[in-house]
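The values are calculated or read from the model by the stated rules, or taken from the named source; none is laboratory data. Computed from a predicted model, the values in this text were never measured in an experiment. So basically every Cβ, Gly included, is an ideal-geometry build from the backbone, and we count neighbours across all protein chains shown. To get the accessible areas, we keep the full protein, side chains included, count just its heavy atoms, and leave off ligands, DNA and RNA. Shrake-Rupley method; radii C 1.70, N 1.55, O 1.52, S 1.80 Å.
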Amino acid sequence: MARYTGPDCRLCRREGEKLFMKGNRCYTDKCAIEKRAPNPPGMPPRRRPKESEYRTQLREKQKTKRMYGMLEKQFRGYYELATRQTGVTGENLLRLLETRLDNVVYRLGFGVSRDEARQLVRHGHINVNGTRVDIPSYRVRPGDLVSVTVKAKDLLVIKGAILSNERHTVPSWLELDLDKLQGSVLSLPSRDQIDVGIRESLIVELYSK
């Protein structure tokens, strides 16, 4: 599957806010948002684009898909799936993104970033209900048990993520057993359980045009 392979910090600078794509680095003064000028990469500070409704909607969509680590085709597919579900389309979209396996691994604190969690899944270090799953986009369901494989429990990358867990809050729709390195999916997340600064209504407005 196609994926972005460029510098992550450039994406944060383009959106003008931290997307927390580099794990612990985002919490230090090494973060590009803290170090660089507050303007998009390649754009002089005086040449700021005019604000418009379309630009606001586009930037919200770009920010969201970059935060969850996907390109346009895959993100658009999630939106179309959300429109076919009952309920509010924007909330359905966020729920689909949150219940991806790579995001759940990140939310449980087994990876310091979604990129790192995605790599853990791809390398076969994650089980779902006792069966190895190496598809990052796998959708978890209520009652699923997500765990680190026995062989992967001694990996330095996972141990490092656990040590950084003091600033990581596990959402209420998940339950973490840190001793066993596993987590349970208690329910599908509601909007108030998804703590991301995303205005999903703008994305729906953009795609509805």
* **Positions within the range 60-99 being open to solvent by 40 Å² or more (accessible area, probe 1.4 Å) and in a helix (DSSP H, G or I), in sequence order** => 66, 72, 73, 74, 76, 80, 81, 83, 84, 91, 95
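Okay, residues lined up against (1) of a type in the set (A, V, I, L, M); (2) surrounded by fewer than 17 Cβ atoms within 10 Å (Cβ to Cβ):
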position: 112; (1), (2): yes, no
position: 118; (1), (2): no, no
position: 124; (1), (2): no, yes
position: 131; (1), (2): no, yes
position: 139; (1), (2): no, yes
position: 147; (1), (2): no, no
position: 163; (1), (2): yes, yes
* Structure fact -> Of the residues in the range 66-93, those that are of a type outside the set (Phe, Trp, Tyr) and under 10 Å from the mean Cα position of the chain (by Cα) come to 66, 67, 69, 70
* Does any residue in the range 149-169 that is farther than 20 Å from residue 134 by Cα come within less than 6 Å, Cβ to Cβ, of a residue that is surrounded by 11 or more Cβ atoms within 10 Å (Cβ to Cβ) and modelled with pLDDT of 90 or more six or more places away or on a different chain, and which pairs are these? -> 165/109; 168/109
* Just name the residue that is modelled with the lowest pLDDT out of those in the range 147-191 that are polar (S, T, N, Q) and under 10 Å from residue 108 (Cβ atoms). => 165
* State all residues of the range 129-144 that are under 13 Å from residue 174 (Cβ atoms) and without any contact (Cβ under 8 Å) to a residue 40 or more places away in the chain; if no residue qualifies, say none. => none
* Tell me, yes or no, whether the range 118-130 has at least one residue that is among the small types (Gly, Ala, Ser) and farther than 18 Å from residue 184 by Cβ. => yes
